[in-house]
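Heads up: the structure comes next, in C-alpha cells.
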Amino acid sequence: MTAHLISVIGSSPGVGKSTLCRAVADWLTGAGASVDHFEEADVLTRPAFRPVAAEFAGGAAAVRPATLVACTRAYVEESLGSGKDHLVTDALLPFVPSLVAWGHDENTLIHVVAELTRAVEPAEVTVVYVHDDPDTALRRAVDREGAAWEDWYVARLAGSPGTRAVHDLASAAAHLRYEADLTRRLLARTPWRLLTVDAGDLNAEDAFAHTRHHLTEALGLAGRAAPPCARGDRPKRT
C-alpha cells in the first residue's frame, strides 16, 4: 500500500489550519487507517526532529535548512518503518514561513523544497493549503487570542531577519500576501498534489467536508467509514 503524507498548512494565523488537520487525522483513523498525527508543536519533541530542538537549545535563532531536510527524511523513514499508512502533519512541509523569517531568499527555498521532495520519498504528498485574506485572518486571530497576541506576533516577525519590515498588523498582512505567493510558486515546482481550501468562504465544518471529499478520491478511501465530525458534528475552529 502506498503511504501518504498530508501536510496541512495555512496562509496566516486564524485560518483554521490546526482544526482541519485534527479533523483529517480523526477521519482517517476512524476509516481504519494507521495514522500519525504530527501536531505543530511536535517539531521540538519528536525524536526524528531532535537535531532541530538541539540547534534551538544551543542558542541558534534559526535552524539550518539541511537539518530540516534530514529530520524530515528521518521522520518519514521512521513512520513508514512503523507501518503508518498516513502521516497527517500540521505546518510541517514545506517550512516556508520559518525559512523566510530566517532570511533565506527564494533561490535557497527552491533548493530546499527540491531536497524535501526527495526526502519524503516514497510517500505520496498532498498539501492542503488553507487560505484566507490576511487582514481578515489576522483580525480573527486577534479577536480569538486578545490584544496581547497581536503585540507578540508583530514583535516575533519584526525580530526575525527576513521579516524585519513588519511593524504592525497591516505590514504583517502585506508580508503574508508575499509569503502566500511564494508558497504557491514553490509548490508548483513539486510533484505534490495541492488542495486549496478557501477559509474565507467556508466555515470549519464545510472546510473539512470539502477536504474530505477531495482526499477520499485522491487517497482511494471511497466507501470507508467516517467518524462523527465527518457526519455533521461541527468541529471547533482554531
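The values are calculated or read from the model by the stated rules, or taken from the named source; none is laboratory data. Quantities reported herein were computed from a predicted structural model and do not represent experimental measurements. All Cβ positions, even for glycine, are placed from backbone atoms using ideal geometry, and neighbour counts span all protein chains on display. Note: areas computed on protein heavy atoms with side chains; ligands, DNA, RNA excluded. Shrake-Rupley method; radii C 1.70, N 1.55, O 1.52, S 1.80 Å.
Odds and ends about this structure:
- Each residue in the range 77-124 was checked for being closer than 21 Å to Ala62 by Cα and of a type outside the set (S, T, N, Q), and 25 of them qualify.
- Test for Thr108: is it closer than 20 Å to His86 by Cβ, in contact with a helix residue (DSSP H, G or I) (Cβ under 9 Å, 6 or more places away or on another chain), assigned to a helix (DSSP H, G or I) and among the polar types (S, T, N, Q): no
- Filter result (acidic (Asp, Glu) and assigned to a helix (DSSP H, G or I)) within the range 1-48: Asp26, Glu40, Asp42
- Being in a helix (DSSP H, G or I) and open to solvent by 20 Å² or more (accessible area, probe 1.4 Å) holds for only one residue in Ala148, Ala141, Ala165, and it is Ala148.
- Filtered residues of the range 192-217 (kept if outside any helix (DSSP H, G or I) and under 17 Å from the mean Cα position of the chain (by Cα)): Trp192, Arg193, Leu194, Leu195, Thr196, Val197, Asp198, Ala199
- Boolean, Ser34 is open to solvent by 10 Å² or more (accessible area, probe 1.4 Å), in contact (Cβ under 8 Å) with a residue 40 or more places away in the chain, polar (S, T, N, Q) and touching a strand residue (DSSP E or B) at 6+ places or on another chain (Cβ under 9 Å): yes
- Each residue in the range 6-42 was checked for being at pLDDT 95 or above, more than 24 Å from Ala199 (Cα to Cα) and of a type in the set (A, V, I, L, M), and 1 pass.
- Selection count where residues are outside any helix (DSSP H, G or I) and open to solvent by 70 Å² or more (accessible area, probe 1.4 Å), scope the range 168-181: 0
- Residues satisfying the stated conditions in the range 101-114, i.e. open to solvent by 10 Å² or more (accessible area, probe 1.4 Å) and of a type outside the set (Gly, Ala, Ser): Trp102, His104, Asp105, Glu106, Asn107, Thr108, Ile110, His111
So that you can scan it fast, the table gives a plain yes or no per residue for (1) open to solvent by less than 30 Å² (accessible area, probe 1.4 Å); (2) assigned to a helix (DSSP H, G or I); (3) closer than 27 Å to Gly30 by Cβ:
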{"site": "Arg50", "(1), (2), (3)": "no, yes, no"}
{"site": "Leu68", "(1), (2), (3)": "yes, yes, no"}
{"site": "Ala74", "(1), (2), (3)": "no, yes, no"}
{"site": "Pro94", "(1), (2), (3)": "yes, no, no"}
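- Taking the range 6-38 as the range and being acidic (Asp, Glu) and under 26 Å from Asp201 (Cβ atoms) as the test, only Asp26 passes.
- Search result, residues across the range 111-138 that are assigned to a helix (DSSP H, G or I) and farther than 17 Å from Ala174 by Cα: His111, Val112, Val113, Ala114, Glu115, Leu116, Thr117, Arg118, Ala119
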